[in-house]
Amino acid sequence: MGNVVKSIGKTLGDWFFYNLMRFPTAVKAGMRLATWSIGKVPFAKTLIRKTIYGRFCGGESLEDCLPVMNELALQNIGVALDFGLEGSGEDAQMNRAKEELLHCIAFAHNNPQVPFVVFKVTALLPKKLLEKRQGGEILSEQESDVWLSGMARIEEVCRTASENEVRLFIDAEESWIQQEIRGIAMGMMERFNKEAVTVFSTYQMYRKQALSELDEDLRKADQADFTLGVKLVRGAYMETERRIALQAGEVSPIHETKMETDTAFNQGAMLCFRQGANLCLASHNQGSCVLFSDFLRENGIRSDDARFWFSQLFGMADELSASLVSQGFNVVKYLPYGPVEDLMPYLLRRVEENSGVFG
Ligand SMILES: Cc1cc2nc3c(=O)[nH]c(=O)nc-3n(C[C@H](O)[C@H](O)[C@H](O)COP(=O)(O)OP(=O)(O)OC[C@H]3O[C@@H](n4cnc5c(N)ncnc54)[C@H](O)[C@@H]3O)c2cc1C
């Protein structure tokens, strides 16, 4: 009886959510208003928590995520714990993010429910410094000190993960800082991916340059004798990237068509396989997942081979995750958690993505 009520509740929730997603502009405006109103308007936070936050996030703390993790573990699905703080640039916040990451790593140690921990470079290092360096600007003495502190945080997180045998995903972000992030991730992989593969860098295949960058990094890894960890995605910032390029009168770094992105994504997966990378195919696209799972089987790879993973975001493509796991593949759900206000940028991207599905 309890399960029936739960399943009716979920169906109604899905119906409400998908109808809401038919009005993306209104939802986005509502969410911006909600972000502003947290702390000012009573019930604003509760409303967000009960609706969109509850759908995509595990809870406000790691401990809040336990019921979700246990439920997924019953289906043989692991989680990639993702403390959702991004881009604050303040010292106290960045230290808090580092401490939370170390807490996640300790929790994930020897815990098959948590095969991965996730972080964004901008949670540990100010975004504006990444932007300056990528733009070729020289940092002032004071900025250089801030940079070194950020790098020390990143190094500590990667070293602790390596010592605890926990894998790390480094997320990819906007194109105007991504070259710096890519360089940092390469540096960490060179140090910590020698014996085991600890660090995974993210390649956004919606970017025109992504396939050649992936190829270049695979060659560098081969020459420097370490294994590249790759999380392959299409990319989450398409609208912003296109808008910024248009405003600056520049050519968009994003493929012109969905088909070009899809082709690059599938080619990227094959390239990783051929060049010996460890690969996490992070996608809700059934075609790409079927293509790659068939490819693994045709090449005589056991479905539970620890070098290959599939990943979907919590709250999305549950049927696809279930189907992959039923075929024996390694599946991990990205599980963001943290205070509601810190997760608003993540939730806005999910609204964009889901309204895109309806578009
Ligand atoms: C576990 C996981 C982790 C992720 N981590 C990151 C990350 O670190 N950084 C990041 O940026 N993204 C990340 N993403 C990707 C992002 O959040 C979206 O989920 C993803 O882009 C949706 O694509 P899809 O592969 O599920 O397939 P689909 O739903 O088939 O593809 C949709 C995507 O295709 C691309 N696209 C759509 N229309 C066009 C067009 N007209 N022209 C060109 N391209 C188009 C866009 O990237 C769009 O998001 C992650 C996704 C997952 C599942």
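The values are calculated or read from the model by the stated rules, or taken from the named source; none is laboratory data. Bear in mind the structure is a predicted one, so any value in this text is a computation, not a measurement. Don't worry about glycine lacking a Cβ; one is built from the backbone with ideal geometry, like all the others, and counts go over all protein chains shown.
Annotations for the structure displayed:
- Residues that are free of Cβ contacts under 8 Å to residues at least 12 places away in the same chain and within 30 Å of V331 (Cβ to Cβ), drawn from the range 111-167: N111, E163
- Hits in the range 208-234 - residues which are hydroxyl-bearing (S, T, Y) and without any contact (Cβ under 8 Å) to a residue 12 or more places away in the chain: S212
- Only a single item in (1) surrounded by fewer than 20 Cβ atoms within 10 Å (Cβ to Cβ); (2) over 24 Å from M69 (Cα atoms) is not met by T122, and it is number (1).
One line per residue, one yes/no per condition, for (1) outside the structural domain of G276 (by TED's automatic domain parsing); (2) more than 13 Å from the ligand (Cβ to nearest atom); (3) in a helix (DSSP H, G or I):
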| position | (1), (2), (3) |
| --- | --- |
| A172 | no, no, no |
| I177 | no, no, yes |
| I184 | no, yes, yes |
| R219 | no, yes, yes |
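- In the set E241, E256, E250, E260, only one residue is closer than 28 Å to V331 by Cβ and acidic (D, E); that residue is E260.
- Considering (1) in the same structural domain as T202 (by TED's automatic domain parsing); (2) in contact with a helix residue (DSSP H, G or I) (Cβ under 9 Å, 6 or more places away or on another chain), the lone condition that V351 does not fulfil carries the number (1).
- Summed over the range 126-151, the residues that are in a loop (DSSP other than H, G, I, E, B) and either surrounded by fewer than 20 Cβ atoms within 10 Å (Cβ to Cβ) or touching a Phe, Trp or Tyr at 6+ places or on another chain (Cβ under 7 Å) (or both) give a count of 6.
- Subset of the range 277-331 (residues that are among the polar types (S, T, N, Q), within 14 Å of N76 (Cα to Cα) and more than 9 Å from the ligand (Cβ to nearest atom)): S303, S321, S323, S326, Q327, N330
- The residue that is surrounded by the most Cβ atoms within 10 Å (Cβ to Cβ), among those in the range 203-223 that are within 17 Å of the chain's Cα centre (by Cα) and not aliphatic (A, V, I, L, M), is Q204.
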